[in-house]
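Novice: Mind looking over this structure? Questions follow.
The values are calculated or read from the model by the stated rules, or taken from the named source; none is laboratory data. This is a predicted model, so every value here is computed, not measured. Don't worry about glycine lacking a Cβ; one is built from the backbone with ideal geometry, like all the others, and counts go over all protein chains shown.
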Amino acid sequence: MSIIELATCVASGDATGVHRVLENATDVKALLEGKVGLKGATLLHMAASHGYPDVVAELLEFGADPNALDGDRLAPLGYVPEGHEKAEETREALVSRGAVDDAAYFTHSQPASNTEQQASYISKSFLRSVFVVFLLPFIVLLVWNGPWFCFCFVTTTTLFYFIAVGFFVTEITLRPPWYHATPGAKELGMVKLPEEWRDKVHDPKVNFKIDFENVEFQTTHGAYTLRGWYVPGKKDVAKPPKTSIVFLHGGGRDRRTWLRHLPMFHKRGYNCLLFDFREHGCSDGAMRGLTFGMKERYDALAACRFMKHVKKHDRVALVGTSVGGSTAIMAAALDAKLVDLVVSENPMLTCAHLQREHIANVLGGYFRHTKWGNFVFALFQRCCSSWLNLRVGNKPSKSCQAFHSVSKIGPRPLLLMHGTYDSTIPFEHSKKLFELAKAPKELWIAPGGCHVGLYDAFPEEFERRMFHFLGKYDAYAV
């Protein structure tokens, strides 16, 4: 029995399935101590995070460590979701088998006092004090200049800052902290590279001794020059695939996102193109940030056009992750002749939808105590979404993001992949896209998988699903 089979039962809350797998397993300890996801969490962490007391009880019954730590030194108790209907039952199941809810148990330091613990939270009384402090100047204005002046001043100032803060939130969305734009650079940057790339950050020749060709081609809607690597497939393959691959990286990254995946495609004979979107890597740009697929979809189509018209490949599959995953869906819907298959890892429904979710995660707890607070917060989210749509060129009437486009891909094949531990784009996005898509379609929800980390967490399963899909539809004709 594999850890993937057990993880699938855990993620779905199937306590009976968990019992069956563990009962028939030859090495129960290895399964229970096995890590799922990049954070180093165990299956007990996963069960606790979903609020499955029955599954937690089964895992503990077979000897799971109730105080096992993940990479961030969090025990399963720290994973139990607040407010979940079965949160208390899950906690009781853990505590009854020895789980300790005390950071000092793990750090061997003295526990913090109540005062110190309370200081790490922003209380309602503190927020009320801040509100009163901000209100005092307006009271002075009211007394000094009269109610009409005070009303006009307060309304104008509030509206200005409301819109201004929405603009700056959108600025962070378009240029996230990991976005280091160097349009037109001669070499790819080496600053703050993601951990999952490890040391695969140079080029196919240096990292894997695979020959490649530096290429460039023009995109539309901006007339930028895009640059990348064309990597011919291995020549001595018994049955070379008919489909070639165009890889699409995520927002703020570059072509090296897919470099560590390249050997498994190369050895099977796939001709591959890894390139940088506009405003990324060595491709041209105007320092405007990423556009969540609105402009990048034209870059993806330009890459497909290069593969079909310049390199003379008959079929092209778009394989993208994160923003690249959404872009693959959007590009395929835009031109059915250039794109034959789509593989999309952790895509988003729309950029505005994702932005609203992140704003809610960061700020929602401070506002959602009253109906008035909910109203103001919803208005602020709408303001940010309007700014974002305006700046990326997405008019609601266009209906061209992944949420609107995925139904237009069929009857071309679509594979969606997502991890349940994705904190950047929740896996519910892929589930919804799968519901909207037309057949033929496939969905892989990987228990414990993180953002753009499915290959790193489950290399064998990733490889099996990827090439089963590509092989199944290699000669698929629409």
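Novice: Might you check whether a residue that is touching a residue at least 60 places away in the same chain (Cβ under 8 Å) and under 20 Å from residue 256 (Cα atoms) occurs anywhere in the stretch 331-342?
Specialist: Checked against the condition, which is being touching a residue at least 60 places away in the same chain (Cβ under 8 Å) and under 20 Å from residue 256 (Cα atoms), the stretch 331-342 yields at least one hit.
Novice: For residue 181, all conditions in the list (1) part of a loop (DSSP other than H, G, I, E, B); (2) surrounded by fewer than 17 Cβ atoms within 10 Å (Cβ to Cβ) hold save one; what is the number of the exception?
Specialist: All conditions are met except number (2).
Novice: May I pose another question? Only one of these is free of Cβ contacts under 8 Å to residues at least 40 places away in the same chain, among the aromatic types (Phe, Trp, Tyr) and surrounded by fewer than 16 Cβ atoms within 10 Å (Cβ to Cβ): 151, 162, 212. Name it. Can you show your working first?
Specialist: Values: 162 fails: free of Cβ contacts under 8 Å to residues at least 40 places away in the same chain; 212 fails: surrounded by fewer than 16 Cβ atoms within 10 Å (Cβ to Cβ).
Result: 151 is the single residue among 151, 162, 212 that is free of Cβ contacts under 8 Å to residues at least 40 places away in the same chain, among the aromatic types (Phe, Trp, Tyr) and surrounded by fewer than 16 Cβ atoms within 10 Å (Cβ to Cβ).
Novice: Give the residues of the stretch 421-478 that are among the β-branched types (Val, Ile, Thr) and under 26 Å from residue 339 (Cα atoms), sorted by residue number. So that I can check it myself, show each step before the final result.
Specialist: Step one: of the stretch 421-478, the residues among the β-branched types (Val, Ile, Thr) are 424-425, 445, 452, 478.
425, 445, 452, 478, listed by residue number.
Novice: Would you list the helices (runs of 4 or more DSSP H) that sit entirely within the stretch 12-67 and hold 3 or more residues that are of a type outside the set (Ser, Thr, Tyr), free of Cβ contacts under 8 Å to residues at least 60 places away in the same chain and closer than 20 Å to residue 421 by Cα? Spell out how you get there, then give the answer.
Specialist: On the way: elements: 15-24, 28-33, 43-50, 53-61.
Qualifying helices (runs of 4 or more DSSP H): 28-33, 43-50, 53-61.
Novice: I've got another one for you. Among the residues in the stretch 458-478, are any closer than 28 Å to residue 359 by Cβ, outside any helix (DSSP H, G or I) and of a type in the set (A, V, I, L, M, F, W, C)? Explain how you work it out, then say what you get.
Specialist: We begin by selecting, within the stretch 458-478, every residue closer than 28 Å to residue 359 by Cβ; these are none.
Within the stretch 458-478, not a single residue is closer than 28 Å to residue 359 by Cβ, outside any helix (DSSP H, G or I) and of a type in the set (A, V, I, L, M, F, W, C).
Novice: Still on this structure, I have one more. Report yes if residue 287 is surrounded by fewer than 19 Cβ atoms within 10 Å (Cβ to Cβ) and within 28 Å of residue 391 (Cβ to Cβ), otherwise no.
Specialist: Values: surrounded by fewer than 19 Cβ atoms within 10 Å (Cβ to Cβ): yes; within 28 Å of residue 391 (Cβ to Cβ): yes.
Considered against the rule, which asks whether it is surrounded by fewer than 19 Cβ atoms within 10 Å (Cβ to Cβ) and within 28 Å of residue 391 (Cβ to Cβ), residue 287 comes out as yes.
Novice: Then there is this: Any residue at all in the stretch 418-431 that's part of a strand (DSSP E or B), hydrophobic (A, V, I, L, M, F, W, C), at negative phi and in contact with a strand residue (DSSP E or B) (Cβ under 9 Å, 6 or more places away or on another chain)?
Specialist: No: zero hits.
Novice: Oh, and also: Tell me which residues, restricted to the stretch 438-474, are surrounded by fewer than 20 Cβ atoms within 10 Å (Cβ to Cβ), in contact with a Pro (Cβ under 9 Å, 6 or more places away or on another chain) and aliphatic (A, V, I, L, M).
Specialist: 439
Novice: Let me ask something additional. Mind listing whichever residues of the stretch 223-275 are among the charged types (D, E, K, R) and either over 19 Å from the mean Cα position of the chain (by Cα) or not in a loop (DSSP other than H, G, I, E, B) (or both)? Let's see the steps before the verdict.
Specialist: Within the stretch 223-275, the subset among the charged types (D, E, K, R) is 227, 234-236, 239, 242, 253-256, 260, 267-268.
Once the filter is applied, which keeps residues that are among the charged types (D, E, K, R) and either over 19 Å from the mean Cα position of the chain (by Cα) or not in a loop (DSSP other than H, G, I, E, B) (or both), the stretch 223-275 yields 227, 234, 235, 236, 239, 242, 255, 256, 260, 267, 268.
Novice: Still on this structure, I have one more. Select, from 102, 65, the only residue that is modelled with pLDDT under 70 and under 30 Å from residue 15 (Cα atoms).
Specialist: Going through 102, 65 in turn, just one is modelled with pLDDT under 70 and under 30 Å from residue 15 (Cα atoms): 102.
Novice: Condition first: touching a Cys at 6+ places or on another chain (Cβ under 6 Å) and either at pLDDT 90 or above or closer than 19 Å to residue 323 by Cβ (or both). Can you find one or more residues in the stretch 410-419 that meet it? Full working, then the answer.
Specialist: At the first step, the residues of the stretch 410-419 found to be touching a Cys at 6+ places or on another chain (Cβ under 6 Å) are 419.
Right, trim to either at pLDDT 90 or above or closer than 19 Å to residue 323 by Cβ (or both) and you get 419.
Yes, the stretch 410-419 contains at least one residue that is touching a Cys at 6+ places or on another chain (Cβ under 6 Å) and either at pLDDT 90 or above or closer than 19 Å to residue 323 by Cβ (or both).
Novice: So which residues in the stretch 210-253 are in contact with an Asp or Glu (Cβ under 8 Å, 6 or more places away or on another chain), farther than 11 Å from residue 277 by Cβ and hydrophobic (A, V, I, L, M, F, W, C), if there are any at all?
Specialist: Once the filter is applied, which keeps residues that are in contact with an Asp or Glu (Cβ under 8 Å, 6 or more places away or on another chain), farther than 11 Å from residue 277 by Cβ and hydrophobic (A, V, I, L, M, F, W, C), the stretch 210-253 yields 212, 229, 231.
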